[in-house]
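Participant: One structure coming up, written as structure tokens, with questions to follow.
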Amino acid sequence: MTATPAARMSRLGWIGLGVMGRSMCGHLLRAGFAVSVYSRTRAKAEPLIEQGAQWCDSPREVAEVADVVFTMVGFPDDVRQVILGPDGALAGSRPGMIIVDFTTSRPALAQEIAAAAAQRGVTALDAPVSGGDIGAREARLSIMVGGDRAAFDALAPCWQLLGKTIVHHGPPGAGQHAKMVNQILIASNMVGLCEALLYAYRAGLDPEKVLASVGAGAAGSWSLSNLGPRILAGDFAPGFYIEHFLKDLAIALEESRRMQLALPGLALAEQLYRAAAAQGCARNGTQALQLALARLSNIDWQRRNG
Ligand code: NAP
């Protein structure tokens, strides 16, 4: 049993108000939706409560007063807890509701959630996003959706407030698979970006000029334009946490193994990011890979001249 496309959706719920969730939830609030919220650390909800969001004490309570519940938490275990747990959204659900998980998580978990939701007459979509903290703030995200097409269509007014590129990829889990494609692209791209900036530094080039030149040519990328300047400025704040990227790389490796794929670029990037985390950068942004790669050449990136 699935939700009808005309599922009522005036009352929204939001679970997880971190770097991404607080910006995304804010767009829905400012557009006039009534939004009930819950997050592990209540302090992170305060700015949204000041803008009119209603605080609830658990994901279950959020679901009890919402027609559509969005989740944006950290890891697959968090997703399991906030949706399938005893105090999770599904426990507070009613038939006809829609649950949308924006977290980057396992495709198999998205399928498990969709099946458990269907048992209660609820539709669950997986909808991981790309575009970073900036994309969330500017409502320019790319949203990759898996699950029931009618529920996807019914949520068009919400998608439009959060992103610019919204694509339905197929059945439950397809959104998460699309996001893994995205992460595989970014993995090798980040290694290339950090190595290129090290080369530019050792060659004595003006790094700003180099970024301007290569960013305008065939080597241009989101990472280069947005994270290149942060690396040069020595700004390694998240952004996108290395510990979250490692979670994604592990899922991508797990899935590629299952599909009998050899993806050596992905495996190398995962190892280099693991080194960065071991060196204390797990809670830095993904651009902090620069610090770990610089150490391989005995360069102290933060103390370099020029
Ligand atoms: P984040 O800042 O850690 O936000 C996650 C939020 O969820 C935090 O506020 C956290 O609470 C809350 N949370 C986690 N587990 C919870 C639970 N069991 N119950 C209630 N609340 C819980 O991370 P983020 O950067 O927003 O990323 C969120 C997800 O989006 C991750 O899967 C990440 O891989 C993905 N993503 C991130 C980016 C990016 O650029 N940041 C881009 C695309 C996708 P606390 O505040 O107590 O920790």
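Quick note: the coordinates plus some simple rules give every number you see, no bench work behind them. Bear in mind that the values here come from a model prediction, so they are computed numbers and not experimental data. Cβ: placed from backbone, ideal geometry, glycine included. Neighbour counts: every protein chain shown.
Participant: I need the phi-derived Karplus couplings for the range 168-178: 6.51 cos²θ - 1.76 cosθ + 1.60, θ = phi - 60°, integer Hz, Gly and Pro marked x.
Facilitator: Those phi angles translate into 8, 9, x, x, x, x, 5, x, 5, 5, 4 Hz.
Participant: What Kirkwood hydrodynamic radius do you get for the range 1-100 when you take the inverse of the mean 1/r over all pairs of distinct Cα atoms, in Å?
Facilitator: 13.2 Å
Participant: Another one. Place a point 7 Å from Cα of residue 300 in the direction of its Cβ. Which residues in the range 181-206 have their backbone N less than 20 Å from it?
Facilitator: 198-199, 201-204
Participant: Sticking with this structure for a sec: Quick one: 3J(HN,Hα) in Hz for the range 276-286, Karplus 6.51/-1.76/1.60 with θ = phi - 60°, rounded, Gly and Pro as x.
Facilitator: Couplings: 4, 5, 5, 8, x, 9, 4, 9, 8, x, 4 Hz.
Participant: Looking only at Cα atoms, what is the convex hull volume of the range 151-284 per residue, in Å³?
Facilitator: In the range 151-284, the Cα convex hull volume per residue is 146 Å³.
Participant: Over all alpha-carbon pairs of the range 115-194, lay out the pair-distance distribution in 5 Å bins, whole %, shortest bin first.
Facilitator: In order of increasing distance, the bins hold 4, 15, 22, 22, 17, 11, 6, 3, 1, 0 percent.
Participant: Now, a different point. For residue 279 and residue 120, FRET efficiency with R0 = 35 Å and r from the beta-carbon atoms, rounded to 0.05?
Facilitator: Efficiency for this residue pair is about 0.20.
Participant: Oh, and also: How would you rank 24, 259, 9, going from fewest to most other Cβ atoms within 10 Å of each one's own Cβ?
Facilitator: 259, 9, 24
Participant: Evaluate 2.2 N^0.38 Å with N set to the residue count of the chain, then give the Cα radius of gyration divided by it.
Facilitator: 1.04
Participant: Once you order the gyration tensor axes a ≥ b ≥ c over the Cα atoms, which shape class does the range 233-291 get: rounded for a/c under 1.5, otherwise prolate or oblate by comparing a/b with b/c?
Facilitator: Here the range 233-291 falls in the prolate category.
Participant: Connecting C-alpha atoms closer than 10 Å in a GNM of the chain, tell me which of 86, 172, 95 has the biggest fluctuation.
Facilitator: With Cα springs under 10 Å in the chain, the top fluctuation among 86, 172, 95 is at 86.
Participant: Explain nothing, just compute: Karplus ³J(HN,Hα) = 6.51 cos²θ - 1.76 cosθ + 1.60, θ = phi - 60°, for every residue of the range 201-207 in order, whole Hz, x for Gly and Pro.
Facilitator: 5, 5, 7, x, 7, 7, x
Participant: Another one. What does the extension gain come out to for residue 160 and residue 262, with contour length at 0.36 nm per residue minus their alpha carbon separation?
Facilitator: 33.0 nm
Participant: Right, here's the next one. Ranked by Cβ crowding within 10 angstrom, fewest neighbours first, how are 193, 296 ordered?
Facilitator: Lowest count first: 296, 193.
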